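The values are calculated or read from the model by the stated rules, or taken from the named source; none is laboratory data. Everything numeric here is computed off the predicted structure, so don't read it as measured data. We place every Cβ from the backbone using ideal geometry, glycine too, and count neighbours over all the protein chains shown. The accessibility values were calculated without ligands, DNA or RNA, using every heavy atom of the protein model including side chains. Shrake-Rupley method; radii C 1.70, N 1.55, O 1.52, S 1.80 Å.
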Amino acid sequence: MTFRLDRVFARPWLAAGGCLLSISCTGILGGEDAPEQDASSAAPGGMPLHHMTASEYNNTVAHLLGTRLRPADGFPAFGAKGFDASVSALSNLSQVLVQGYYDAAKTLAEDAFSNEAQRAKILVCDPAQGAGDGCAREIIERFGLRAFRRPLEAAEVERYAAQYADAMSTLEMSPVEALQHVVRTLLTSPHFLLRVEAGPDSERSPGALNGYEIASRLSYLLWSSLPDEELFDAAAGDRLATEDELRQQVDRMLGDPKTAAFFQNFFGQWLGTRTLPSHNVDASLFPLWNDEVKGAMVDQANAYFAEFTTGERPWSEFLTAPHPANSLLEPLTASDPEGVRGGFLTLPAFLTLSSRADRTSPTSRAKTILAQLFCVPLAPPANVDIPELDAPGSGSGAVDNVRAKLEKHRESPDCASCHDLLDPIGLSLENFDAIGAYRTEYPNGDPIDATGKLEDTEFQDFSGLLPKLQADPQLGVCPSEQLFTYALRRRPTGADTSTFREIAARWDSGTLADLVKHVVTSDAFRLRGGKGEAQ
């Protein structure tokens, strides 16, 4: 079953609406089920259309063509809420983006055919040898399989073979030039540019995705790129229909260096570490800060994520596990008291990202913890003017003692309701400065006060708050929701809640590799229109 994607692709003004959930500070440290909301836009027949994100586009052309070019870095940014991939294909198909696709295809085809090693990846035979277009058809079929992530249909092969012949007869191109022309055309096809799930229904079940669609879901989940030869072979043999095969593929794929994309894109977007390279810090206030330290923070965070994904460390230790060693970060940790550093929330990467350029931000740290690790949606009260803390050089004095300055927000009853929740969590980390170095006093000499009370728990510092955070069941449910969202490329609906809670219960905060296996063997991942899937 197919439909005319070219008709959809030519109409970028089509868009699908949606709504964003935003609630006040309620249901914290336990959460509440979100009301049902629009999951995604869909192509005709209810088949979802998925954009390749900029990262996916760059990775895909790199693995398809062997190029080092990164054309998607210049594409317009998608306006996704949450993960980049959770975005409607049609609502972001601007004329600027379409032109970017066409310009990139021209440049990529020229680059691929200008390099002998790259050209050999495409020209599996010599089109100038022998009579007829048999070699050209073989090249078209093989390249088309990888470009479209599925075998070309007979009519598609005929169309591209006719284009090849026309390029030689009408445009007077050589056989190699004509194939470059066809490759450029394939790279502008919606079947390359969009993640399309519109193939024939499997004989096993009317709602089952076919093997090539499952292969693409797996490869873009774990590698942010197209399937490799082993996945294509498994798809051709219909082996991806079994749960055992899916689990084996997950283990194999997580052992591949391409899994670096999983850390960069899933963890990087969920927990924010992808934005660290663009994070600004005032080096005059924090002289240890430089580009090498920034890069080391990213490397350490990714190494930390790897321990939970490709290693054996369970998620139950995510807030307590020791940090991977990194010599470039030793000056930051040189003043650490024994036992003060451990878990994601004391990683320099997290502490830096949740701070401002010139000071810590307890409110930002607390909001990040609640929203990202516990999946609690937070929004400021409507129609409330939230006062800014004084900034250095503002005439009101530098923000040296952040705790004292935050009392200004508590003067407003509207603000106090949220700050009663946020401040104890954020201020518990005040012993760590804006780049994650340990300290005992503010720049003005005031001693750090990291004490607080959250609900019925009183604590002296973050180590006293940590057991309460660890005990909350949402710490085990939230990763399931986040990975489910990332894998399905859409925001969950109310109908999905039971699915990822069931996944969380079976997973029981094991390794992330185990969680991936639970997600990819779920009906929502394997079936078109499965439980929770947009219809």
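Odds and ends about this structure:
- Any hit, segment 176-186, residues being β-branched (Val, Ile, Thr), touching a Pro at 6+ places or on another chain (Cβ under 7 Å) and touching a residue at least 24 places away in the same chain (Cβ under 8 Å): yes
- Listed by position, the helices (runs of 4 or more DSSP H) contained in segment 258-353 that have at least 2 residues being closer than 23 Å to Ala487 by Cα and under 23 Å from the mean Cα position of the chain (by Cα) are 291-309.
- Filtered residue count, segment 311-321, keeping only those that are touching an Asp or Glu at 6+ places or on another chain (Cβ under 9 Å) and closer than 19 Å to Asp299 by Cβ: 2
- Ala117 vs. criteria under 22 Å from Asp228 (Cα atoms) and open to solvent by less than 20 Å² (accessible area, probe 1.4 Å): no
- Counting only residues that are open to solvent by 10 Å² or more (accessible area, probe 1.4 Å) and either modelled with pLDDT under 95 or assigned to a helix (DSSP H, G or I) (or both), segment 218-231 holds 2 of them.
- Restricting segment 457-499 to residues that are touching a helix residue (DSSP H, G or I) at 6+ places or on another chain (Cβ under 9 Å) and free of Cβ contacts under 8 Å to residues at least 12 places away in the same chain, the residue that is most open to solvent (accessible area, probe 1.4 Å): Glu458
- Pair list, Cβ under 9 Å, 6 or more apart: segment 430-449 residue at positive phi, other residue buried (at least 21 other Cβ atoms within 10 Å of the Cβ) and of a type in the set (A, V, I, L, M, F, W, C): Gly436/Met297; Gly436/Leu329; Gly436/Leu332; Gly436/Leu347; Gly436/Ala349; Gly436/Phe350; Gly436/Leu351
- For segment 94-106, the tally of residues that are part of a helix (DSSP H, G or I) and open to solvent by less than 70 Å² (accessible area, probe 1.4 Å) stands at 6.
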